[in-house]
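The next block holds one structure in the form of structure tokens; read it before the comments.
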Amino acid sequence: MKNKFVYLDNAATTPILAEAAAAITRADEELFFNPSAAYGQALEVKKRLDDASKKLLESLGAKGYGIVFSSGATEANNLIIQGGMKKNKQLIISAGEHPSVYECAKTLKNNGTEVLYAPLNKDGTTDLNWLRANVTSKTGLVSIMHVSNETGAINNLTEIVKIVKKVNSACIIHSDGAQAIGKTDVNLAASGVDAYTTSAHKFGGPKGVGALIVKNGIGVKPIVFGGGQQRGLRSGTENTAGILGMCKAAEIAIKGCLNNRLLYTEFKKIFLETLDKNRVEYKLNSCLNCVPGIVSLSFTGLKGEVLLHMLEEHDILIGTGSACSSKAPDNRTLKGMGRSNGEINGAIRISFGVCNTSAEVRQAAAILADAVKKLEDSK
């Protein structure tokens, strides 16, 4: 059945792909055995999980890496930051990190860990000159996201690795890649990162499953204890159906990445051109080099949340920023980019998905333009 609404908040979550849903149903019906059991049916489930893991690693260019499946990117980020940090070492994260990284770092800081925050450039990327000046032999872990969930800004992981490893080859370099799969190319071995996070529901997979991909030989301590599954790094019976659904969705998203970029580039063009034709003034927070599927823009003097609800009345669903920090009083990323309070308060986020159409995008932009004009006329 066709949805009656236009969904443009795909950075928050995506509809599950039919192929991923089918993989989940098959697993629930046929592969319900505990993969840790000793009989043949359970061993077959274990083999299916191993095969899916291997295929996912290959598709991400992760030769020489292992994978730990989790309940999502939040758990995976906590695992690498809490489990990868060594005593008396320094942690560096960017000022624009997702709350699952930022709040984890804050907790470590409150417990005595030295935490430094790499500032953002005006385009939303991390300031690499600052990183060059501040990485030392004391730095134990650096965590900088691949793609910003707020603006779509892409950080250069290869350059980050070069900068850090030149000063401290023992430092662990992690990147939260929750927004990257299906939107930009991912090749972990080529980038050189030591650990990388993914989240299934960001690319057409199920909610409640994600993964931490870790280079072999990197020391990470578990933060969940129990039966010692997944090489002791994450105890608990594996979510077979979720993992297979995630791997199927990832396979489709990675194969379709180029087509997705072309599609989203066209959507972004239509959206902004429609606003321009309606003579609406806005400030674009997403730069030319951002992933085209995430578009952040500000209407100074208006409130983004009010615009969100005005569009919702027309069955158009958008975001104002990270769904994991939607109740926060401001936006750390936009603030770090030097945006004014008026620009931050008037910010909205449009994020496209494979289920969208050009007609929907044009319609949404036209209705947004009308909403902006109504609010401006009422001032």
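When only residues in the stretch 86-99 that are among the small types (Gly, Ala, Ser) and assigned to a loop (DSSP other than H, G, I, E, B) count, which is most open to solvent (accessible area, probe 1.4 Å)? Among those residues, the one meeting the criterion is ALA95.
For beta carbons closer than 8 Å, sequence separation of 6+ or different chains, a first residue in the stretch 336-363 that is farther than 30 Å from ILE252 by Cα and a second that is assigned to a loop (DSSP other than H, G, I, E, B) and basic (Lys, Arg), the qualifying pairs are MET337/LYS122; GLY338/LYS122; ASN345/LYS303; GLY346/LYS303; ALA347/ARG339. Any chance you could count how many residues in the stretch 212-232 are in contact with a helix residue (DSSP H, G or I) (Cβ under 6 Å, 6 or more places away or on another chain) and closer than 30 Å to ALA18 by Cβ? So the count comes out to 1.
Could you list, in sequence order, all residues of the stretch 238-289 that are of a type in the set (Ser, Thr, Tyr) and part of a helix (DSSP H, G or I)? Please lay out each step first, then the result.
Here is the first cut: in the stretch 238-289, the ones of a type in the set (Ser, Thr, Tyr) are 240, 264-265, 274, 282, 286.
Within the stretch 238-289, THR240, TYR264, THR265, THR274 meet the criteria.
LEU284 meets the conditions (1) surrounded by fewer than 21 Cβ atoms within 10 Å (Cβ to Cβ); (2) out of contact with any strand residue (DSSP E or B) (no Cβ under 6 Å at 6 or more places or on another chain); (3) of a type in the set (A, V, I, L, M) in every case but one. The failed one is (2). Would you call GLU75 of a type in the set (D, E, K, R), within 19 Å of the chain's Cα centre (by Cα) and in a helix (DSSP H, G or I)? Spelling it out, GLU75 is indeed of a type in the set (D, E, K, R), within 19 Å of the chain's Cα centre (by Cα) and in a helix (DSSP H, G or I). The set of residues in the stretch 11-54 that are open to solvent by 20 Å² or more (accessible area, probe 1.4 Å), assigned to a helix (DSSP H, G or I) and small (Gly, Ala, Ser) comprises ALA18, ALA21, ALA22, GLY40.
The values are calculated or read from the model by the stated rules, or taken from the named source; none is laboratory data. All values derive from a computational prediction rather than experimental measurement. Note that each Cβ is placed from the backbone with ideal geometry, even for glycine, and that neighbours are counted across all protein chains shown. Calculation scope for accessible area: heavy atoms of the full protein, side chains included, ligands and nucleic acids excluded. Shrake-Rupley method; radii C 1.70, N 1.55, O 1.52, S 1.80 Å.
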